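The values are calculated or read from the model by the stated rules, or taken from the named source; none is laboratory data. No experiment lies behind these values; they were computed from the predicted model shown. Here the Cβ positions follow ideal geometry from the backbone for every residue, glycine too, while neighbour counts run over all protein chains shown.
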């Protein structure tokens, strides 16, 4: 069963789309008065300011896969804080979706998926990780990746199976058209 959760002001987008969320979670500082009144029964106000609204929601939602919309655009500081949360909760299957891309943190161990030749695949470490990346134009084996060191943006699939083996948090980004592939690859067993 699919459920929507409005994260603070994101509930206004659900209201505009005519969608009633299962919950509205956050410090509610950017929620409109109209959404606050409309979703009064769904409000989960969390006043503390030591976590972001994204983290507040992620830690209170239990789902096998979480699809996050609206967390990558707008402000760079917000996007970076979302990546920080993904690194700290790397055991969760969370996909970030925007107009162009879908991103997820590869589970520790081995992740494999099929991609057509030329499909853009980017790997960005969210912490230290030893990574093997194959089935791509520029493969590498047991290579140390760090946010301030080696990364692999804009690599591309050769066509066929792509594998990622990692022992740390690595963000995988694919074109948005590959959402179904990303959902399968992000799933935690």
Quiz item: Which of the residues that make up region 48-68 are over 13 Å from residue 25 (Cβ atoms) and exposed (fewer than 12 other Cβ atoms within 10 Å of the Cβ)?
Solution: 49, 50, 64
Quiz item: Can you tell which of 158, 123 is within 14 Å of the chain's Cα centre (by Cα) and either surrounded by 15 or more Cβ atoms within 10 Å (Cβ to Cβ) or assigned by TED's automatic domain parsing to the domain that holds residue 86 (or both)?
Solution: 123
Quiz item: Can you name every residue in region 37-51 that is touching a helix residue (DSSP H, G or I) at 6+ places or on another chain (Cβ under 9 Å) and either in a helix (DSSP H, G or I) or over 15 Å from residue 21 (Cα atoms) (or both)?
Solution: 38, 42, 46, 48, 51
Quiz item: What do you reckon, is residue 185 under 13 Å from the mean Cα position of the chain (by Cα) and not in a strand (DSSP E or B)?
Solution: yes
Self-check item: Close pairs from region 171-189: first farther than 11 Å from residue 106 by Cα, partner loosely packed, with under 14 Cβ neighbours inside 10 Å, Cβ under 8 Å, at least 6 apart
Solution: 175/100; 176/99; 176/100
Practice problem: Quickly run through region 120-140 and pick out the residues that are under 16 Å from residue 174 (Cα atoms) and outside any loop (DSSP other than H, G, I, E, B). | Solution: 120, 121, 122, 123, 124, 125, 133, 134, 136
Quiz item: Of all residues in region 72-119, how many are assigned to a helix (DSSP H, G or I) and under 15 Å from residue 57 (Cα atoms)?
Solution: 8
Exercise. State whether the residues of region 12-31 include one that is part of a loop (DSSP other than H, G, I, E, B), touching a residue at least 60 places away in the same chain (Cβ under 8 Å) and surrounded by fewer than 19 Cβ atoms within 10 Å (Cβ to Cβ).
Key: no
Quiz prompt | residue 107, sole failed condition from (1) at pLDDT below 95; (2) out of contact with any helix residue (DSSP H, G or I) (no Cβ under 9 Å at 6 or more places or on another chain); (3) closer than 13 Å to residue 170 by Cβ | solution = (2)
